[in-house]
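One structure is given here, and the rest of the page talks about it.
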Amino acid sequence: MNQLRALGISGQAEAIYLDLIARGALDHADLVERHGAELEIPLSELAAIGLVERSDDKVLPQPPHLAMEAVAQRRTKEAELARESASLLSELWTAGIGQQTYVELLPSLEVTRSVINSVQVDAEQRVRAMTVGNIAAPTNPQIVGGLFDALARGVTYEVIYGTRVLQDPDALRMVQQCVDAGEQARVFPDIPLNLTIVDDRWALLAARTTVGEIVNSAAMVVHHSPFLTGLVGIFDALWRVSVPITGGTENTEAIGAPALETKRLLTYLSAGLTDESIAREFGVSERTIARRISRLQEVLGAQTRFQLGVQASRQNWL
């Protein structure tokens, strides 16, 4: 059991409280015999949050519900005060330095993960992102926690994925889940780094390089500034030339429009996936995929796969 330790209570204090729950009030001498002579600090920890009371030479356990509820309320107020203090201290910092400080370097992957997880909670209207994959865990693709909740409450997501992401079958399936949930997704061949822009208020930049067995990563938060405006412009430019990824929930077709599977096939081709990868996603043979591509080239009058992509874009099939 680690519930109390998760609140910052020592393991010895937690063990004493569990012992008191099992046995009821104990004499100080009994506690010394069972838990050692150094009892003052752990008993003070428990008394500070209302889990024990001392009466004469006895230590009495107290019901946990009210004590824990009081701790929760106190920590909620502390969190609110911390946010207010951060805003005020930032203003004082800016005034003291004499210039706006709009770039924060993040010291570790743990801090970067924390900032990434805060995006879904902090976003109010719109999130724009481009990604080469998970900086913190590139071999373990995962959907960012809270994404579906943010989509459900009306936050717009526009995400540009690099080709490398869509070449991973697991990552590709996750992208499709996000698109089906309402995310607007596109693909672009050469995404150099991860960028997330939240409501045009701040952005997270993250990059990762591997030289031999040495892995280097860096991340920063950019607040409202000309730099942030430039990042928004870069994203918008890439968004205009990226290829849309079609959702998997459509079940109707407009007259003259391609079938859903055809759109998916064209998207995968534009992303640079091999025939083998595409066949695996469709659950068919490579020969079947090659025949479909040949038929599409005939329909659109394309001699090469590159021309096929161009013609499909001109027909608004992507």
Every pair of residues 6+ apart whose Cβ atoms lie under 9 Å, when the first sits in the range 269-287 and is free of Cβ contacts under 8 Å to residues at least 60 places away in the same chain and open to solvent by less than 60 Å² (accessible area, probe 1.4 Å) while the second is among the hydroxyl-bearing types (Ser, Thr, Tyr) and in a loop (DSSP other than H, G, I, E, B): ALA279/SER285
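Taking LEU266 as the residue in question, decide whether it is modelled with pLDDT of 85 or more and touching a strand residue (DSSP E or B) at 6+ places or on another chain (Cβ under 9 Å). Explain how you work it out, then say what you get.
Numbers: modelled with pLDDT of 85 or more: no; touching a strand residue (DSSP E or B) at 6+ places or on another chain (Cβ under 9 Å): yes.
So LEU266 does not fit the description; no.
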Residues within the range 2-35 that are on the phi > 0 side of the Ramachandran plot and free of Cβ contacts under 8 Å to residues at least 24 places away in the same chain, tallied: 1
Checking ASN194 against (1) surrounded by fewer than 15 Cβ atoms within 10 Å (Cβ to Cβ); (2) of a type in the set (S, T, N, Q); (3) modelled with pLDDT of 75 or more, the condition it does not meet: (1)
Selected residue (criterion: nearest to LEU266 (Cα to Cα)) from residues of the range 197-220 that are open to solvent by less than 30 Å² (accessible area, probe 1.4 Å) and modelled with pLDDT under 90: ALA206
Among the candidates LEU18, LEU4, LEU31, LEU46, residue that is at pLDDT 80 or above, under 22 Å from ALA70 (Cα atoms) and open to solvent by less than 20 Å² (accessible area, probe 1.4 Å): LEU46
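The values are calculated or read from the model by the stated rules, or taken from the named source; none is laboratory data. In this text, all values refer to a predicted model and were calculated from it rather than measured experimentally. For neighbour counting, all protein chains shown are included, and Cβ atoms are generated from backbone atoms with ideal geometry for every residue, glycine included. The protein model used for the area step is the full one, side chains on, heavy atoms only, and it has no ligands, DNA or RNA in it. Shrake-Rupley method; radii C 1.70, N 1.55, O 1.52, S 1.80 Å.
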